[in-house]
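Student: Attaching a single structure in structure tokens format; questions to follow.
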């Protein structure tokens, strides 16, 4: 339960080298280190080409833009992480969640630009996303993870289904 407690505390190990400050953009927290500013947003107006470039940077296969737009529009929560240097802003992280709007949410499409991986930014993105879901009184948060990132999510407090995988999937032929 240490993870959940740390989610709502003001200290954050990912921000040890960056200063936390309030941000007028969408009420998000930002991290600043001189000229470099990292901030979070829940605005859905994301340039889909910029999102595609981010997904390309981590080696994800391309998806039809119309479907990506639809997925974003129908998501319960969309979280983006941005780097701002002077007047230049760049998308460096993204996650979204679907929900029943009462009890459950599932986090999808978590992506962090390779330049920012291994530096606490993925953890910060997840903590921000979870905090937003919890503020909507969502108590059950799930996700699907590729095998190579399971340990990352374990450090965030996610656990595999203790009774084994109960999920079932249907795929078109």
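Student: In terms of the Cα gyration tensor, with a ≥ b ≥ c the square roots of its eigenvalues, is region 108-149 rounded because a/c is under 1.5, prolate because a/b exceeds b/c, or oblate?
Tutor: oblate
Student: Computed FRET efficiency, Cβ-Cβ of residue 70 and residue 36, R0 35 Å: what is it to the nearest 0.05?
Tutor: Computed FRET efficiency for residue 70 and residue 36: 0.55.
Student: If you line up the Cα atoms of region 133-173 on their principal axes, what length do they span on each, largest first, in Å?
Tutor: Result, largest extent first: 40, 24, 20 Å.
Student: Once both labels are modelled 7 Å past Cα along the beta-carbon direction, what's the residue 100-residue 170 spacing in nm?
Tutor: 1.8
Where a number appears in this text, it was derived from the coordinates with a stated rule and is not lab data. Computed from a prediction, not measured in an experiment: that's the story for all the values here. Neighbour counts are summed over all protein chains in view; Cβ atoms, including those assigned to glycine, are modelled from backbone coordinates with ideal geometry.
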